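The values are calculated or read from the model by the stated rules, or taken from the named source; none is laboratory data. From a predicted model like this one, the values you see are computed outputs, not experimental measurements. Note: ideal-geometry Cβ built from the backbone for every residue, glycine included; neighbour counts use all protein chains shown. Note: accessible area is taken over every heavy atom of the protein model, side chains too, but ligands, DNA and RNA are not part of it. Shrake-Rupley method; radii C 1.70, N 1.55, O 1.52, S 1.80 Å.
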Amino acid sequence: MEVIFSMAIGVLAGAGIYLLLRPRSFQVIMGLSLLSYAVNLFIFGMGRLATGAVPVLNGGVEGATYTDPVPQALVLTAIVIGFAVTALFLVVLLAARGLAGTDHVDSHEPEQE
Amino acid sequence: MSTHLPILPVLLPLLAGALLLLMRESGHGARALLAVLATLAQLGVALLLVAGTPGSPDTPTSAGIRVYALGGWPAPFGIVLVVDRLAGFMLSLTAILGLAAMIYALARWERAGSHFLPLFQFLLMGLNGAFLTGDLFNLFVFFEILLAASYGLALHGSGRMRVRAGLHYIVINLVASLVFLIAAALIYGLTGTLNMAEVAQRMPQLDADLRGLFDLAVFLLGLVFLVKAAAWPLNFWLPATYAAAAAPVGGVFALLTKVGIYGLLRISTLFGQDAAPAPFQGEWLFHFGLITLAVASLGVLSVQKLDRLAGFMILLSSGLLLAAFGFSGTRLTGPGLYYLASSVLGGGALFMLVELAERNRVPGNDFLAVSAEAFGLPDGEESPLAEETAGVAIPAAMAFLGLAFITCAVVLAGLPPFSGFVAKFALLRAALMTPGPQAWLFFAALLLSGLAGLIALSRLGIRVFWDRERPVPRLQLLEAGPVAALLLLCMLLAFGAGPALVWFETAATALHDSGTYIRAVLPTDAGVPP
């Protein structure tokens, strides 16, 4: 499971970084989204992977079979913040597109060679 | 009441900002009053925290460190706010600069767009929280709050230049935030805690193979702070963003880079003791500071416009601070903090001054004209372009501007008799006490960068202030007052240099004494072997 999980993170992060370096602002925002998925999964993985384990200790659960709830809370916070900031970025992106008339990240098309 | 003092710098701007959001945009007077009162209250609280209130039974005040457990949960489990001298000092600096920039903005900039005042309060909240918190993930959250507010403020007034610069600024900071998350998660995964004091406590007990990962995590964290502090080569976003931002926003952004410096100081003192993580061993921070200084010096010499110059001056001070804090040994920390205060006050004043001086130039007015149109500001009394501006205009505007500019230049370039000189002198003196090639490098870099700053400031100053064809700008008391107050504070800092330096020295000693910090946050060493 760990191998598949880490490969998923790697693919997401790789695709995200590639898109982040592209010249169009839409590609940049897709790249940021993919990258933040990768990071969220990574935070989740930092609580160690476990299947069928409960996050909250109750009376009948032995200590060894629970999964760490703290990274889950962190992921939740990170998702909410990431979502809000992405929405804000989307607005700025649209404003830049509207003001400049192009979706290039530098607000002007590069000279054709 | 005094028990809950440390939470007030977070709560006050939050409440004020929320109230300001609910109030009508048209009620300028009431909104302005609320915002000014809230910021004044923050200043009061910050000063009270600096002064300390020994004798109150509920606060564990050991060695001037005050710990506030949110919700009453003790340290390793709950989130704590920690006020030591450095945090108190940064809080006061935030409140002073925030108050000045906000009063300045009330004169006209506040009306160049919507929601300036609430965003400003949220920015202050993020800054205060970042200085106070003792929890790594909480630090991330406060960083996000201050960044989200700063995105809004950077775009304040709209216009093509601002949106373009803002786009780059947001992307850079979003990526930096993701790196921050990776670092925080790694540190949690390795040490099982996010409390900075507890991380510092558990760090030496890590196995050798895990230790490498931990070093990597701290390196990533340092990288994020270096982006915020605008260290070379992570600083190409700064001059464009700061130059495009509205003047009062640029003024308060002068402090934003110092958040990165603060973060670096905090983690390097906490995680950098005896068995330091790899990122804080060696001299690389010092050399990157020197390169930043060199780039910024070339930058100030190359720019043609005052607003870009102000951005590069911020870069210059960042580079100098990085070099000072990266200097081997801890002797430069105290004078470094003094320089931080001086450069933040001077830099903030410069941003506002530049806008006042450049106001009548056509390019500078483009943005204002566009935004005035977009937001339907009425022509006549309130229009920024009108001859008749509302408020009290002060006489001898050009004389005031010239005088203020000279003072600003003297403070930033580090000439006598103001605080910049005292700061640089103290830095040089401390550096030369530890002889070696590093001291001489620092010596040369500091003097050369000061020279570059002086040349650039006087060259552009001559062009702006001795230009006969330039119409005399009208100044309002609301705009001139904050600039004058900031410069006056620089002078006070110079006149009280003796006590101030002693105070900063004590703050630096307390900062480097991480054992006391850890003991104050985690009073009982329960569960941790000695």
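Order A:Ile43, B:Ile518, most accessible first, counting only protein heavy atoms with a 1.4 angstrom probe.
Descending accessible area places them as B:Ile518, A:Ile43.
Rank by packing, highest mean first: peptides A:45-55, A:94-104, with packing defined as the count of other Cβ atoms within 10 Å averaged across residues.
Ranked from most to least packed, the peptides come out as A:94-104, A:45-55.
Under the definition of Cα pairs under 8 Å and six or more residues apart, what whole-number percent is the relative contact order of chain B?
Values: 808 pairs, mean separation 88.4, N = 530.
Answer for chain B is 17 percent.
What distance in nm separates the simple spin-label points at B:Trp440 and A:Val54, each placed 7 Å from Cα in the Cβ direction?
Here the modelled spin labels are 7.0 nm apart.
Ranked highest first by average number of other Cβ atoms within 10 Å, how do B:285-292, B:134-141 line up?
With the highest mean Cβ count within 10 Å placed first, the list reads B:134-141, B:285-292.
Would you list B:Leu337, B:Leu220, B:Leu301 from the most to the least accessible area, probe 1.4 Å? Could you put the intermediate results ahead of the total?
Working: B:Leu337 0, B:Leu220 35, B:Leu301 75 Å².
The ordering from most to least exposed comes out as B:Leu301, B:Leu220, B:Leu337.
If you count, for every residue in B:161-168, the Cβ atoms of partner chains within 10 Å of its Cβ, what is the mean?
Rounded to a whole number, the mean comes out at 6.
Rounded to the nearest 10 Å², what accessible area does B:Glu358 have for a 1.4 Å probe in the complete protein model?
20
Starting with the highest mean, order B:17-26, B:425-434, B:114-123 by the number of other Cβ atoms within 10 Å, averaged over the residues of each peptide. Intermediate values should be presented prior to the final figure.
Working: B:17-26: 13.8, B:425-434: 17.5, B:114-123: 23.7.
The most tightly packed comes first, giving B:114-123, B:425-434, B:17-26.
Quick one: what does P(r) look like for the protein assembly as shown with 10 Å bins over all Cα pairs, in whole %?
Final binned percentages: 3, 16, 27, 27, 18, 7, 2, 0, 0.
Relative to the longest principal axis of the C-alpha atoms of chain A, give the angle of the C-alpha long axis of helix A:69-100, reported between 0 and 90° and rounded to the nearest 10°.
On a 0 to 90 degree scale, this one is about 10.
If you stretched the chain out fully between B:Phe236 and B:Ser302, how much longer would it get, using 0.36 nm times the residue separation minus the C-alpha to C-alpha distance? Please list the in-between numbers first.
Details: separation 66, 0.36 × 66 = 23.76 nm, distance 1.47 nm.
Value of the extension gain: 22.3 nm.
Counting only other chains, what is the mean number of Cβ atoms within 10 angstrom of the Cβ of each residue in peptide B:143-151?
Whole-number average of other-chain Cβ neighbours for B:143-151 is 2.
Short version: what are the Cα gyration tensor semi-axes of chain A, square root of 5 times each eigenvalue, largest first, in whole Å? The partial results should precede the final answer.
Values: eigenvalues 316, 52, 7 Å².
After scaling each eigenvalue by five and taking roots: 40, 16, 6 Å.
What distance in nm lies between label points placed 7 Å from Cα along the C-beta direction at A:Glu2 and A:His108?
For A:Glu2 paired with A:His108, the spin-label model returns 5.3 nm.
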